[in-house]
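The values are calculated or read from the model by the stated rules, or taken from the named source; none is laboratory data. Here the structure is a predicted model, which is why all the values come from computation and not from measurement. All Cβ positions, even for glycine, are placed from backbone atoms using ideal geometry, and neighbour counts span all protein chains on display.
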Amino acid sequence: MSRDSRRDPRYDILFEPVPIGPVTARNRFYQVPHCNGMGYRDPTALAWMRGVKAEGGWAVVCTEQVEFHHTSDITPFIELRLWDDRDIPMLARMADRIHEFGSLAGIELAYNGVNGPNFYSREVPMGPSALPVMTFTYDPVQARAMTRRDIRDLRRWHRAAAVRARRAGFDLVYVYAGHSLTFLHHFLSRHYNRRTDEYGGSLENRVRLLKEILIDTREAVGDTCAVPCRISMDEFLGADGLEKSEAEDAIGLLAELPDLWDLVLAAWENDSVTSRFGPEGGHEPFIEGVRKLTTKPVVAVGRYTSPDRMVSVIRKGLVDLIGCARPSIADPFLPRKIEQGRPEDIRECIGCNICVSGDFTMSPIRCTQNPTMGEEWRKGWHPERIRPKASNKSVLIVGAGPAGLEAALALGKRGYDVTLAEKGTELGGRVVRECRLPGLSAWARVRDHREQQLHQLANVRIYFDSELDAESVLEFGFPRVVVATGSRWRRDGIGHHWTRPMPIATGARVLSPDDVMDGTTLPGGRRVVVWDDDNYYMGGLMAEVLADMGCETYYLTPAPEVSTWTRNTMEQHRIQARLLEKGVRIHPFANLESVADGVISASCVFTGRTEEVEADAVMLVTSREPEDRLAHDLDARAAEWHDARIESVVTIGDALAPATIAHAVYAGRRYAEELDGAPDTGDEVPFRREITELSPLR
Ligand code: ADP
Ligand code: SF4
């Protein structure tokens, strides 16, 4: 990237080149390895996703974990694979794509060892010591302790993988000892390593294999590739595991061996904390001082989205390169926007970890802020470009929540004349309401970014205090109408358990999250039962809010734990801990059967046995009801559309079917991308995909 005169000189330091061993990063923006739920099922989609980061100015763009030997598979398919030469072309496609835009390609070789049950390869897992495999799913498989011969084998396999990585075209070949995920972390950490030979016991012994692998890798890749080392600074197990002082000692012992130090926290849930539980720059106390231990460049993440903060961490000498995963997902063009002197255009990560959920749900990565993420090749979407309009027909969008805002922005960028009508007095819909709840303030960025961008578009007009009904929409006569009117929380208990309204006595005090977001408070000391049959974040959040009001709060859920879907955003344990700390009484495996005045009845999901609990009020968090009256009314008057010059009415986002904010943003984008394109009849798959090539039978 060349020096751009529009760039604020304050940020020049971010564009200084940084030598990393034999290669040079053209600036300090470094996309660290990150998972994405695509893996070797979607190789070209993945290559294009990484390519867009390179195009957006990231000097280094890395893969996610790449399993390099069949004795440690990362089932099922969500990571990359480099088992033999046949896997090289898939990886080469990604490296080539990254190189096309002038960036360096990094590969993270991974051998999970004791972290995987090997359900695909059926090999016996191995690690430093004989232990059960450390999966979230408590798989009934144990790993065996590696012998010296195993260690020699594994060193050979790692060398072979490094050679293949170089042949695939990668410029940085990682030695991965991070996140409690790989054998090198397990050898380093006394928590996993109970060996009594020269690879266990003292730190010098526990670091031995890492040292050997670093030397092996350098020999394997020669003087054309850099060899970064990714290491955990703390694994939050106290003295039983790696802590900062010991991690620093380990770095001290290896100081000049790698070409770069990539510092992480372990396990992954401590490295990628959501904004609800951790601030920007949360890693800084853990990485402070490491740069003094080595002359090699240091990179670390911190969910950095502010260029000023980035400059400050460089100036303070904490790091040489700004590591980003999530900020590069939310805005692949973050570096370029700073370089072009328009940092205000950055689409800032909100720290919600929906991106992480792609990995956990085995689906391609998606992002709340960046609806094009994962669709770069599948649908040909681009985070910064969208094709120009294909007609002069104007569009009316009703509702300025995430769906309506994104539709307005993307249509506006295409050049359509857009009118956005909002019944309230602010933009943002559910986002402005939810961002006032504890810990969710960063979610306002969904609105802030779009509001700021919309102000630059003269062809998008916004009207507040404009609650539209079918009559007014017909009167306006816009050829295209988008209904993005959102949803509201149900008060009748319908959800997973009740598919019809549940028994609620007249006079019983029933609350919904909307009441709390509208400002309803309860006097302290009241007993409130929260029934969470939704199981994402809202139920846990309502229990937290009610406990903060001083209510005696009971939390009931049919799930085994609080806010169980947040396992996919790696927050579940933190939410449960927070509620316990606030004195909330948690009752798992419970359904709400009836609500009377002053008392509720709950049943056990296994036995059906019921129990009564006195309660002054009940908070129902079960599901949401689409605000689809306008859509239905317009539908009922379809015969009048022609005279009103209306060609189409499309309902999107929560008004169609409530889901995550990411779903709503995607729905808005999809409408805008597809307008005046080939009609989607549903007969064709609307995205590109790759299909496994069949082997010849003989
Ligand atoms: P989504 O997540 O699908 O974008 P939200 O609930 O966040 O949905 O946003 C819906 C927005 O639509 C809210 O800001 C709401 O005030 C607005 N809205 C709902 N009904 C109407 C209407 N009839 N006319 C104009 N605006 C409406
Ligand atoms: Fe950030 Fe959320 Fe996007 Fe992930 S999904 S990059 S956390 S905004």
Result of the Cβ filter at 7 Å on the range 651-665, keeping first residues that are part of a loop (DSSP other than H, G, I, E, B) and partners that are more than 8 Å from ligand 1 (Cβ to nearest atom), at least 6 apart or interchain, is ILE652/ALA407; ILE652/VAL482; ILE652/TYR671; LEU656/PRO626; ALA657/PRO626; PRO658/ARG624; PRO658/PRO626; THR660/ILE354
Every residue from the range 149-183 that is among the acidic types (Asp, Glu) and more than 24 Å from CYS35 (Cβ to Cβ):
ASP150, ASP153
Selection from the range 316-335 of residues crowded, with 24+ Cβ neighbours inside 10 Å and acidic (Asp, Glu) yields ASP331
Restricting attention to the range 453-462, and to residues there that are surrounded by fewer than 18 Cβ atoms within 10 Å (Cβ to Cβ) and among the polar types (S, T, N, Q), which single residue is farthest from THR368 (Cα to Cα)?
ASN459
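If only one of GLY380, GLY428 is under 30 Å from MET538 (Cβ atoms) and either among the small types (Gly, Ala, Ser) or modelled with pLDDT of 95 or more (or both), which one is it?
Result of the check over GLY380, GLY428: GLY428.
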Within the range 666-676, of all residues that are part of a helix (DSSP H, G or I) and more than 8 Å from ligand 1 (Cβ to nearest atom), the one nearest to ARG387 (Cα to Cα) is GLU673
Residue count for the range 531-589, restricted to those that are assigned to a loop (DSSP other than H, G, I, E, B), in contact with a Lys or Arg (Cβ under 7 Å, 6 or more places away or on another chain) and not charged (D, E, K, R):
1
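Name the residue, out of ARG414, ARG450, ARG436, that is surrounded by fewer than 17 Cβ atoms within 10 Å (Cβ to Cβ) and among the basic types (Lys, Arg).
ARG436
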Only residues that are in a loop (DSSP other than H, G, I, E, B), aliphatic (A, V, I, L, M), under 14 Å from GLY39 (Cα atoms) and within 13 Å of ligand 2 (Cβ to nearest atom): list them for the range 334-375, please.
ILE365
What are the residues in the range 123-176 that are of a type in the set (S, T, N, Q) and within 20 Å of HIS70 (Cβ to Cβ), if any?
THR135, GLN142, THR147
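Yes or no, residue by residue, for (1) more than 17 Å from LEU263 (Cβ to Cβ); (2) surrounded by fewer than 24 Cβ atoms within 10 Å (Cβ to Cβ); (3) small (Gly, Ala, Ser):
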| position | (1), (2), (3) |
| --- | --- |
| VAL301 | no, no, no |
| ILE314 | no, yes, no |
| LYS337 | yes, yes, no |
| ARG347 | yes, no, no |
| GLY351 | yes, no, yes |
| VAL356 | yes, no, no |
Which of the residues that make up the range 583-609 are exposed (fewer than 14 other Cβ atoms within 10 Å of the Cβ) and at pLDDT 95 or above?
GLY583, PHE606, THR607, GLY608, ARG609
Looking only at helices (runs of 4 or more DSSP H) that lie completely in the range 139-248, which have at least 2 residues being crowded, with 17+ Cβ neighbours inside 10 Å?
148-168, 183-188, 208-221
How many residues are buried (at least 23 other Cβ atoms within 10 Å of the Cβ) and more than 29 Å from the chain's Cα centre (by Cα) if we restrict to the range 620-629?
0
For the condition without any contact (Cβ under 8 Å) to a residue 40 or more places away in the chain and more than 16 Å from ligand 2 (Cβ to nearest atom), what is the one hit in GLU256, GLU235, GLU243?
GLU243
